[in-house]
Each structure stands twice: as structure tokens, then as C-alpha cells.
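No value in this document is a laboratory result; all are computed from the given coordinates. Being a predicted model, the structure only gives us computed values, none of them experimental. Here Cβ is always computed from backbone atoms with ideal geometry, including for glycine, and neighbour counts include all displayed protein chains.
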Amino acid sequence: MPVIESLFISGQWRPAATGGTREVLDPADARPFAVVAEADTADADAAVAAARRAFDHGPWPGTPVAERAALLHRVGDLLQRDRERIALLESRDTGKTVAEGRIDVDDVTAAFRYFAGLVTGEAGGRTVDTGSADVRSTVVHEPVGVCAMITPWNYPLLQASWKVAPALAAGNTFVLKPSEITPLSTIELLRLLDEAGLPAGAGNLVTGAGDPVGARLAEHPGVDLVSFTGGLLSGTRVAAAAAPTVKKVALELGGKNPNVVFADACSTAESFDTAVDQALNAAFAHSGQVCSAGSRLLIEDAVRDRFVTELAARAARIRLGRGTEPGVECGPLVSQRQLDRTEEFVASALAEGATLRCGGSRPAPDPVRPAGGYFYSPTVLDHCHRGMRVIREELFAPLLTVETFRTEDEAVELANDTEYGLAGAVFTADPERARRVAGRLRHGTVWINDYHPYLPQAEWGGFGKSGIGRELGPAGLDEYREPKHIYENLRPAAVRWFTG
Ligand code: NAD
């Protein structure tokens, strides 16, 4: 298999300095289907030096906003031109279905277009009313500098776009390190940025392991900001590595997200069907490998038996297979490690008293499901409680736990009883209750009678250990800018504080 020269530094594609390589596996059969360069810290240093030069001496930070926005729109056009090819690549790399890959490419396009529009629509700065005609005071926003970006394997292209698009819109330069498990679509993104005309050094890519490559970027004195999306443990390591250089740190971490279903959301056949369908989608989309997955079902006791029985029956019918096969609804897990962790969590939940309602094992191979693939059957675990590991720790698997409540207060208390706070949902027919509960949930996104939609215009991020800062929306652009206050005295005069 030819090695992809996957490091992009100063506008040049190159192999790793050591000549190191890494095989990229197809999670549907665990076979390698690509080989990329495996960077080490010397490559990370070279990429930071390139981004530093491009920021300090290159044209990008001073490029007029309209031209920066035009480049982002060109990237959007190129993504749409290559939509099918990139969707297929994302499917093979992550295991997700091609249909999900297409949605990702469209969402990535929307992120580029959104941030292009956001910077274009801005006035040149904020004038502060000083109350004096002798002073002019303005607050402007400038790029932070060199941004290091570290991304996870579940939405490789999407998570990269939430960082790259605002960073470039604001005039920064960057070094991006995708997950070592799923680097391929990010390589394509850098190709498109190059084709769209991004100046050499403004965007750099290093493919390699979290430690040492990501760790080096986080600690690097030449980096002004590190934006990380990934797990809690890696996130705390990134924050610790970044601390001595006092760089800006943005963390998008995990979630243990509650989906709260009240009995009144199930009072008609149609609303019952909708609530069950949404609970399935919340938990099992992309085989549950979604940071905002509704992996904790909190169901009102009065409807629990009917709801869980129907949910488990439908979960058992989800068609698992290779994401590129027609008719497949869910792909495999991304790696052997995720598969092992899933088996471990299910075993621990059963040992702690949970009841298995469906799944709980690896499915038998069939024509669309090769024997070596990392497949795990959608699993519903009933009779779960807060003491269990499966309720407290993020897993990233097609695993739905069921807890019950009797009152609204109890539902809110359960939903908020997590160290995370990324997302949650409430299903109810009572609009007053919906608003009350949404107001009390300590989570960064709350859906009412829906699950999963997000908008590029609305901030995304979490309370608690789900992270620091926000992506998307105006705050997602502000992450990549430093406000600067310019105070101008229009009638300079001596102060005479010192009289000598
Ligand atoms: P991970 O933490 O293992 O890896 C994420 C990235 O960090 C990878 O690129 C990895 O190489 C790198 N990394 C690992 N150790 C590092 C270190 N010491 N220093 C610097 N970089 C390091 O996470 P993952 O398993 O790839 O992704 C799953 C996690 O991502 C889940 O916890 C999920 O909730 C989270 N996630 C969050 C969001 C969000 O928007 N909040 C979105 C997607 C995924």
C-alpha cells in the first residue's frame, strides 16, 4: 500500500522526519486500507514554526475580511464538489454509514459558510461611549495567533471544521492534529484549503499520536491557543501541558447525556411512536459514538414497561453492517479498544444488577458484516441506577441505560447528577413543564421534544467537565480572537501626578 505523505507544513506535503508510518484500519473488517505518515515531536515543531512564520510575517492575518470570507466560501464549494468521495472516505475510516458521511460533509460546508458570513457582517469594532468628546475609545478583535487543534475520531471532519473555519475567519494560522485512528478526511480538508488558495504556512497538518504529537502542540511555547475535542482524561492532560505557557485553552469533552421522557409524551399512539423513535435515534445514531448521545434514558415510571419493551424490540431490529453497504443503518465501533470497553461496561452493569433487554453481545457475521469487524449489537440495559459505572462514565457505544422517575423534581435531579453537562432532552406534551425542565437542566444544549439537531449559529459546548468554552455561534468565533481596547486622547495634556 503506498504511503500517503500526510504532513502538510509550509504548503508542502511530506513524510514524517523519521520516516515513520501508521496503518489506517477499516473498522468494518479490521483490515488496513491506507498508510499515513506518523509524525513525532520534530514534525510538530516544524509545523508550529511554519504557522508562527505565517502568522508573524505572512499575508493571512492582514488579509481583508472579505477575502478571508471568500476563501471559506470556496472551501464550501470544493467540499460540495467532492461530497461523495469525502463521505465515502469518512465512512470507511470511522465506520459510519455513507449517508451519515454525506450529512457530515454538508454540515462542514455549513460551518465554513456560517463563519464566512459572520465575519463579513461585522462592523469594524465597538465604539465605547466615554462621556467625553476628548476621548475616542474603540474595542477591536484581533486574531489570537498560532492555534493548535486536536480532534477526535467520531466526527473527524466536522470537529476539525468547527475549529478551522472560525480560526481562519478571524485571521489565525493553525496546526491541526487529527485522531491517529481517523486521519483521512482531515488530509482531504487540507488539500481543499490549499486548492482554495490558503497561503503557505497558514494551515498545517501533522498526523500522529496524541502523545507525543498532540502533547507537544499543547505545551509548545510557539502556540498561542490550543483547542481540543476529545475525552476527559486527554483534555485534562492538554490543559495541564498548556498551563506553563499560559496559552488560551478550549476544551470540548464528553457527555453522559440524559433523555428525559414524561408519560404525557406517550399519551397517543403517535406521540408514543415519536418518543420511542427519538430515544432510539438519540442513543444509537453512529452506534452511540456521539458526544451528545442520549445514552441515559430517564423514563417516567407510569410508562416504563411499555416504553422499554417497544424500544428494545426496535433496537434489536437495527440493521448493523459495513457503512458503505446499502440498507445498513449502523456501522461498527471504531476500534478493538472501543469494542473491549463496551463488553467490559456491559459485564460490569450486569454484575451490578442491570437487566439486559436486548443486545449485550457481538452479532454474528453475515454478508454485510465481516467477521473481523468491530460490531456490537444495540443494547438496552434496564433497572440501572446512579451507583453504576455505566451510568457515571462516558462510553461511546450503542448502549442505552434505563432509569425511572416519579416526579418532575426527581427527573431533574437525576438528569443533572453527572459530572458532565454537554446535552440533554425533555419529551413532554406540557409546554410549561418543557420550559421549566429545560431551564433547570445544567447542560450546554437542551432539546425539547427532539434530539440531536444543532445549528452552526448556536453555541455548542458543555457545563461542568464537558469542557471550557464554546464552538459554533458568535462565541465560537470569539474563541479565536483577542479583544483589544484602543483608547485615544484627542486633546493630549499633562497629567501632573508627579510634580517634580
Ligand atoms: P481522545 O481523548 O482519546 O483523543 C482525542 C484527540 O486527542 C486525538 O487526536 C488524540 O490523539 C489526542 N490526544 C490523546 N492524548 C493526548 C495528549 N496527552 N495530549 C494531546 N492530545 C492527545 O478522544 P477520542 O477517543 O478520540 O474521542 C472520543 C472523545 O471525544 C469522547 O470523550 C467524546 O465525548 C469526545 N468528543 C466531544 C465532542 C464535543 O463536542 N464535546 C465531540 C466529539 C467527541
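Among bridges DSSP assigns within region 38-196, what percent are antiparallel (round to 5)? Once the DSSP bridges in region 38-196 are tallied, antiparallel ones form about 40 percent.
The protection proxy used here, the mean number of other Cβ atoms lying within 10 Å of each residue, ranks peptides 366-375, 325-334 as follows, highest first: 325-334, 366-375.
Between region 467-500 and region 110-144, what's the alpha-carbon centroid distance in Å? Each part reduced to its Cα centre gives a spacing of 11 Å.
Close Lys pairs in the chain (alpha-carbon distance under 23 Å; sequence gap of 8 or more, or different chains): 16.
Normalise the Debye intensity by I(0) for region 216-307, one equal point scatterer per Cα, no solvent, then take log10 at q = 0.11, 0.13, 0.24 Å⁻¹ and round to two decimals. Evaluating at q = 0.11, 0.13, 0.24 Å⁻¹ gives log10 I(q)/I(0) of -0.50, -0.59, -1.08.
Rounded to two decimals, the Cα radius of gyration of region 1-141 over 2.2 N^0.38 Å is 1.47. Within the shell defined by Cβ-Cβ distances under 14 Å, the residues around residue 267 carry a net charge of -3, with Lys and Arg each +1 and Asp and Glu each -1. The percentage of C-alpha pairs in region 397-500 whose separation is greater than 18 Å is 64%.
Stokes-Einstein diffusion for region 68-176, with the hydrodynamic radius set to the Kirkwood value over Cα pairs and evaluated at 10 °C in a medium of 1.306 mPa s, equals 101 µm²/s.
Starting from the Cα of residue 316, move 7 Å in the Cα-to-Cβ direction to define the label point; list residues of region 335-365 whose amide nitrogen is under 17 Å from there. Counting backbone N atoms under 17 Å from the label point, the list is 355-364. Once the chain from residue 65 to residue 406 is taken as fully extended at 0.36 nm per residue, the excess over their C-alpha distance is 117.3 nm. Relative to its Kirkwood radius, the Cα radius of gyration of region 353-418 gives an Rg/Rh of 1.10. In region 310-368, the inverse of the mean reciprocal separation of distinct Cα atoms equals 13.0 Å; this is its Kirkwood hydrodynamic radius. The order of the peptides 377-385, 12-20, 120-128 by mean Cβ neighbours within 10 Å, most packed first, is 377-385, 12-20, 120-128. Expressed to the nearest 5 percent, the antiparallel share of DSSP beta bridges inside the chain is 45 percent. Cα-based values for region 204-357, radius of gyration first and Dmax second, are 20.2, 60 Å.
With Kirkwood's inverse mean 1/r over C-alpha pairs for Rh, give me the Rg to Rh ratio of region 290-421, two decimals please. Rg/Rh: 0.98.
A simple spin-label model places the labels of residue 449 and residue 130 5.3 nm from each other, with each point 7 Å out along Cα-to-Cβ. When you count the other C-beta atoms within 10 angstrom of each residue and take the mean per peptide, 341-348, 245-252 line up highest first as 245-252, 341-348. Once both labels are positioned 7 Å from their Cα atoms along Cα-to-Cβ, the gap between residue 432 and residue 371 label points is 6.2 nm. Enclosing the Cα atoms of region 386-426 in their convex hull gives a volume equal to 89 cubic angstrom per residue. A P(r) calculated from all alpha carbon pairs of the chain, with 20 Å bins opening at zero, reads 23, 52, 22, 3, 0 percent.
With semi-axes defined as the square roots of five times the eigenvalues of the C-alpha gyration tensor, the equivalent ellipsoid of region 165-287 measures 38, 20, 14 Å, largest first.
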